[in-house]
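*Asks:* Provided herewith is a single structure, encoded as C-alpha cells, for subsequent inquiry.
The values are calculated or read from the model by the stated rules, or taken from the named source; none is laboratory data. Model, not experiment: these values are computed from the prediction. Glycine gets a Cβ as well: all are built from the backbone with ideal geometry, and neighbour counts include every protein chain shown.
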Amino acid sequence: MGVTTVPEPEVVTAAVGRNVRAERSRKAWTLDDLAARSGVSKGMLVQVEQARSNPSIATICRLATAFGVSVASLVEAPEVPTARVVLAGEGIVLWTGKPGSTSTLLVGSGTREQVELWDVRMAPHDGYEGEPHPAGTRELLLVIEGELTLEVDGVEYRVPEGGATAFVADRPHAYRNTADLPLRLSMTVVHSPAARLPHPPPAAEADPA
C-alpha cells in the first residue's frame, strides 16, 4: 500500500497562483479590479499570482468570493474526473491552530456545482472565525467526535457527538471546541450558483513587508 502525503505548501501556492490568474483573465479584470472586488491589496495579489506568497485561508476565501467560485476551484487542478478518490493524508490543509487543530479540504465537486467537503479537527479549547461566504452559501456539519460550539450571527449552538447542523454561511460564524477532548467534524460547503457579494468587500489587506 502506498504512502500518502499532504501536498507541499509550494504546490498549493503554485496552484492558487495559476488559478487566480486564470480566473482574472477569464473575467478580463485588472489587478486593481480584483483588489477592489476582493479586499485583497494589489501588492498581495501580485505575490499570490506569482506564487511568491503562501496565501491564508482568509485571502483564498476573499478571492473565491470575488470570483464567485469555490475555494476548491482555486486550490485544486481545474480538471475533475468522473470519479476521484482522496486517500487519508492527501487533503489540502488550509488552516492550522493549536497542535492537533487542522481544517483540510478533501475534495471539491468542480467549478459549476461548487460543493466542497472538509475534514476539521480541533484541539481542546481551540477555534477559528469563518469568513462570511457569498449570499446563499450553506454549510452542513456532522460532528464525528467531541462537541462543537457553533456561533452564527452572534447566536451560539451546541452540536454533540453524532449530531448535525445546517446553517446559512453568508454571515459571521465561528467554530469552537470549548471541551477538554478533541473535536472532529465533517463539513460540506454548498455555494449558491448565483452567489454575489452581499456587501462591500472588507478593507484591503496590507502588502507583505
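*Asks:* Show the residue pairs meeting these rules: Cβ distance below 9 Å; 6+ apart or different chains; first residue within segment 60-78 and at positive phi and in the same structural domain as Gly17 (by TED's automatic domain parsing); second residue modelled with pLDDT under 85 and of a type in the set (D, E, K, R).
*Replies:* Hits for this filter: Gly68/Arg196.
*Asks:* Could you check segment 103-156 and list, in sequence order, the residues that are among the aromatic types (Phe, Trp, Tyr) and surrounded by 20 or more Cβ atoms within 10 Å (Cβ to Cβ)? Quick ask: steps written out before the conclusion?
*Replies:* Restricting attention to segment 103-156, the residues satisfying the condition of being among the aromatic types (Phe, Trp, Tyr) are 118, 128.
Residue satisfying the conditions is Trp118 alone.
*Asks:* Residues of segment 148-163 being outside any strand (DSSP E or B) and among the charged types (D, E, K, R), which ones?
*Replies:* Residues of segment 148-163 outside any strand (DSSP E or B): 153-154, 160-163.
Selection gives Asp153, Glu161.
*Asks:* Could you grab me the full set of residues in segment 106-150 that are touching a residue at least 60 places away in the same chain (Cβ under 8 Å) and closer than 19 Å to Ser38 by Cβ?
*Replies:* Passing the criteria: Gln114, Glu116, Glu131, Pro132, His133, Pro134, Ala135.
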